[in-house]
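Only one structure is covered here, and it is reproduced in the block below.
Only the coordinates and a few stated rules stand behind these numbers; no lab work does. Because the structure is a prediction, the values reported are computed rather than measured. FYI the Cβ positions are ideal-geometry reconstructions off the backbone, even for glycines, and counts take in every protein chain you see.
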Amino acid sequence: MSANGSHTNDYVEYAPGYVDNEGPKIVTSRFGYEDSHTLERSLSTGGYDGLKAALKKNPAEIAQEVKDAVLLGRGGAGFPAGIKWGFMPPVWPRYLVVNGDESEPGTYKDRLLMERDPHQLIEGCLIACYALGLNQCFLYVRGEMAQAQENIAQALNDAYAAGYCGKNILGTDVGIDVVLHWGAGAYIVGEETALIESLEGNRGMPRLKPPFFPAAKGVYMKPTIVNNVETLANLPWLMVNGADEYKKYGSEKSPGTRMLAISGHVKRPGVYEVEQGVVSFRDLFYGENYAQGIKDDNELKAFVPGGGSAPWFFGDQLDIKIEASEVGPAGSMLGSGAIMVMDETTDIVKAALRLVRFYARESCGKCTPCREGTSWEEKVLQRINDGLGRPEDIDLLIDIGKNISPGTYPVASFGDEELDAVPFPPKQTTICPLGPSSVAPITSAIRRFRGEFEAKIGASALPESRPGGETSIDALEVDA
Amino acid sequence: MSRLSPANEAIAKELLSHYPRAKSALIPMLHLAQEQDGYVANDAMEHIAELIGVTPAEVMGTCTFYEMFVLHPVGKYKIDICTNLSCQLLGAEELLHHAEEKLGIRAGGTTDDGLFTLEDVECIAACTEAPCLQVNYRYELRLEHSDFDKMVDDLRSGKRKDIPDHGTLAKVRQHITADREAGITPPETTGTPAWFTSRLPAEENA
């Protein structure tokens, strides 16, 4: 039993966290088997059938099929994979890099896919490589995920030995090498150009785009496609069943399913495979097949719809359908499918501080607005939370944010005050979106819960509440 | 402290063979050094630099960017407690405090007997199973304070055989045998695969 007391015990035993919600299963079909990571189980349940189907067609047909299926990237930006593939100039060699560096706060899906069904991912890689005429694919797994590395290494050894990978795949003349690579603990490496730097053995700092768009100048300055684990895991099913069948699931703009991790204050947190654009956040939080309600039947206070970098949603946004084309205009992003729920007992200042602290710790230090800005945001929030806040601190936080992300920051609509939503994405003064992401929790929390910030500052603005009385205020001013 | 052992040097050379350019093997080789000594030793970095053909400073430059690499000995068991939002909401900070009291150290510290190092870390991708932690990168999920105590006691008494010493990640490595390798060659000498050219539609192939 758990620390929060309300978890039920109906999880799929062999994939802790995954909940079988009896919906369509495109990527999680093997999660119920204890040996889902083995070649035997994979083969007995249709494994590598997608690769066999693909090898019977010519590569261009496969790329077209992926385009027709409108397979949206599942890593965060949600860009259609088929169109991304089309950006590659006719230059060889070219490389595929699989982004398995899942580290966005709240995101928990790629790890399950890598641990529980590595063959499905390898098959997806091979299909993508075949479609694009690639010699080599690098499977970049997050450093902390020892079990995923182990299962993928074993799966690759088995796939090589059985002739599914390497030279003369399935007896044809096609040869593709898939290499397991692993990181060493840096969130920024999830950004595709930083991932490439890291794969080249360097410090994982993002490259400037242009000119370093990976599709043109990626690994070793050669054309490179970076795709997320979940995106590629969809390919075997797509090859077997075709784009028309794929589009029967989900909505017109966002076909197929998504893996969503619902965590925080809900009765049944878990990773669910959900049809895109069909289910709303309300269904997800309160539905019997999903999270089954807010913990202890409390009121919902706020939720993060797409990972720590996404501006927050509130009760007003509960009926939005879960698809990128709905969430974006409403002022946030579906991102990596990480939904974190905060109930009425949540200390909002503390929650914002914790997320901002993440960005301050993970900033790579390349761009000044992010390197300096994120740590100042953390310091100012920390002093508000510690009871040492100053009346001007709220404006100061907003001002620091504007130096990282100029203009009006994306934010959800707020019915009571008739404030409209500002659509995603934010503007940025930095090379990558890490810095601007740190502004999301601050903007969201201050817009909706300004009173909580003022209350903490109000209680601390009185000189007598300072340690040592008035004299220490001067000391603190000098300090800051 | 030490350079890579002959056995590990052989593994390092195998790693090199997986990449079109040698420097790509740098991070996996640093993990190998950390697996050998429990931390990344200066001599190991020099050895890696020799194997790859870069300067030791370049190796250290990469090494110091990544949080998992430690340049000094840490505990045999590194306990990383996640305190990011999902875990914080469900009691991770209280768990961290409890861990600090149980082990008698602050986050970032190592116990006097050299057994445990405690860290307060960012999201480890088990958010639905909060609060959670990793011991040497092996997960412990949905922890009560009593579960934490039991885990520490079991590690102390040697009952937990499933947790290797700090530095060891996957216990299985990828091996690509020469007869199965499709051909990993430097980018300068790699062209369009023949199988791709032969499959292009006739008009493009002309």
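A few remarks follow.
- On full extension, the segment bounded by residue A:87 and residue A:455 gains 127.3 nm, given 0.36 nm per residue less the C-alpha separation.
- Near-label residues of the range A:338-361 by backbone N, under 17 Å of a point 7 Å along Cα→Cβ of residue A:299: A:342-349
- The range A:70-133 and the range B:64-109: distance between their alpha carbon centers, rounded to Å: 32 Å
- The range A:259-325 shape via C-alpha gyration tensor axes, a/c threshold 1.5: rounded
- For the range B:77-156, the antiparallel share of DSSP beta bridges with both residues in that region comes to about 55%.
- Cα gyration tensor shape of the range A:348-474, rounded if a/c is under 1.5, else prolate or oblate by comparing a/b with b/c: oblate
- Residue A:398/residue B:198 FRET efficiency (R0 60 Å; Cβ-Cβ; nearest 0.05): 0.50
- Restraint check, A:109/A:217; A:25/A:57; B:76/B:150, Cα-Cα greater than 23 Å: A:109/A:217; A:25/A:57
- Ordering of B:20-29, B:35-44 by packing is B:20-29, B:35-44, highest average first (other Cβ atoms within 10 Å, averaged per residue).
- Counting Cβ atoms of other protein chains within 10 Å of each residue's Cβ and taking the mean over peptide A:130-136 gives 5.
- A simple spin-label model places the labels of residue B:97 and residue A:170 5.8 nm from each other, with each point 7 Å out along Cα-to-Cβ.
- FRET efficiency, 1/(1 + (r/R0)^6) with R0 51 Å, evaluated for residue B:157 and residue B:181 via beta carbons: 0.65
- Inter-chain Cβ neighbour count for A:105-113, averaged per residue, equals 4 (cutoff 10 Å, partner chain atoms only).
- Once both labels are positioned 7 Å from their Cα atoms along Cα-to-Cβ, the gap between residue A:77 and residue A:34 label points is 4.3 nm.
- Calculated SAXS-style log₁₀ I(q)/I(0) at q = 0.07 Å⁻¹ - the protein assembly as shown, Debye, Cα scatterers: -0.45
- Low-density loop cleavage sites - GluC sites (Glu not before Pro) in the range A:246-339, where at most 13 other Cβ are within 10 Å (DSSP): A:252, A:288, A:299
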